[in-house]
1. Checking residue 242 against (1) buried (at least 16 other Cβ atoms within 10 Å of the Cβ); (2) modelled with pLDDT under 90, which single condition isn't satisfied?
2. With touching a residue at least 40 places away in the same chain (Cβ under 8 Å) and not assigned by TED's automatic domain parsing to the domain that holds residue 336 as the only criterion, which of 117, 160 stands out?
3. Step by step: first the residues of region 175-193, then only those that are surrounded by fewer than 17 Cβ atoms within 10 Å (Cβ to Cβ) and outside any helix (DSSP H, G or I), then the one that is farthest from the chain's Cα centre (by Cα). Which residue is that?
4. Which of the following residues is in the same structural domain as residue 23 (by TED's automatic domain parsing) and assigned to a helix (DSSP H, G or I): 196, 165?
5. Among the residues of region 72-94, is there at least one that is modelled with pLDDT under 95 and assigned to a helix (DSSP H, G or I)?
6. Inspect all residues belonging to region 285-297 and state whether any of them is outside any loop (DSSP other than H, G, I, E, B) and modelled with pLDDT of 80 or more.
7. Looking only at region 143-157, decide whether some residue is outside any helix (DSSP H, G or I) and either in contact with a helix residue (DSSP H, G or I) (Cβ under 9 Å, 6 or more places away or on another chain) or at pLDDT 95 or above (or both).
């Protein structure tokens, strides 16, 4: 097991997108931290107030209004505190940030420099030695969006602190994550304690008890921060290459009957002066034109067409305005209900030797699937 050992000098901080993720993703890890005498801080990004279907069932209400959501969020906070007590963690070790449930990706795409600064300040103020964060590959958009927010915040403000970063995956079955992650085996006693913590989330197990309790049986897995660059292949972006002029994406997917055929493509990263730059491309269904829209300037550049019920393409996105020394994050939004087909893909920075190479000519080629 290639995971860090904890001791009484360790300071473990976990960011959970919603109340329940602390138990599902790290119930055993947190028990080990308690046993080692480590200081622990659990930070909840959202209160999970917009999970409306369990609320409709438990409260026997069809129409859910804002006061109902606030009451539901408060209830989920209490469930999180009860779960943490089961794991040996008191309420003094908990913080709720109150970010919008099911709205973290919108925050990210809006630029959200204040949110990133707030996340960074939260980490700096507590000075953790170990930081547990969601994976960018998680298929829940709040999880992957928070992962990108934290990744940028850490790179911007915390790179000199030497914090050990561990990524966890709750939703989805990313083979890339599984191949590189390190498992944390659990004892029967630890599994029972994790199960008790999960059951404390009454609102969540009401409709999904079997699925939630299955998390108690499987080993927890974590990807270390120095291993975070993961190749494409889990979702519609099958492969990529990057140089100073462009990002080349190899994309393939079938149109889904349960969603609108328009497929947004997002690209974000830091520009040459350090500002967050966002691009949005729309891949419409069937035989429509694909336009690249710069959210910051409104500039539009044609990048191609496609045809048929399935889509395969090689798309080149100009990246002249992005800093080649910083990572880029790209995502095809193929969401149905709560979940994406895949999370965000992190494209690593260009090393100086690569930056000296002459970039290829920019063009776009789209092919109908065979």
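The values are calculated or read from the model by the stated rules, or taken from the named source; none is laboratory data. Because the structure is predicted, anything quoted here is derived from the model rather than measured. Neighbour counts run over all protein chains shown; Cβ positions are idealised from the backbone, glycine included.
1. Of the numbered conditions (1) buried (at least 16 other Cβ atoms within 10 Å of the Cβ); (2) modelled with pLDDT under 90, the odd one out for residue 242 is (2).
2. 117
3. 187
4. On the way: 165 fails: assigned to a helix (DSSP H, G or I).
Testing whether each residue is in the same structural domain as residue 23 (by TED's automatic domain parsing) and assigned to a helix (DSSP H, G or I) leaves just 196.
5. To start, the set of residues in region 72-94 that are modelled with pLDDT under 95 comprises none.
Among the residues of region 72-94, not one is modelled with pLDDT under 95 and assigned to a helix (DSSP H, G or I), which makes the answer no.
6. The initial filter retains those residues of region 285-297 that are outside any loop (DSSP other than H, G, I, E, B), namely 289-294.
Those still in the list that are modelled with pLDDT of 80 or more too: none.
Checking region 285-297: not a single residue is outside any loop (DSSP other than H, G, I, E, B) and modelled with pLDDT of 80 or more.
7. Within region 143-157, not a single residue is outside any helix (DSSP H, G or I) and either in contact with a helix residue (DSSP H, G or I) (Cβ under 9 Å, 6 or more places away or on another chain) or at pLDDT 95 or above (or both).
Each row is one residue, and each column tells you yes or no for (1) touching a helix residue (DSSP H, G or I) at 6+ places or on another chain (Cβ under 6 Å); (2) without any contact (Cβ under 8 Å) to a residue 60 or more places away in the chain.
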{"residue": "53", "(1), (2)": "no, no"}
{"residue": "59", "(1), (2)": "no, yes"}
{"residue": "64", "(1), (2)": "yes, yes"}
{"residue": "69", "(1), (2)": "no, yes"}
{"residue": "74", "(1), (2)": "no, yes"}
{"residue": "82", "(1), (2)": "no, no"}
{"residue": "87", "(1), (2)": "yes, no"}
{"residue": "91", "(1), (2)": "yes, yes"}
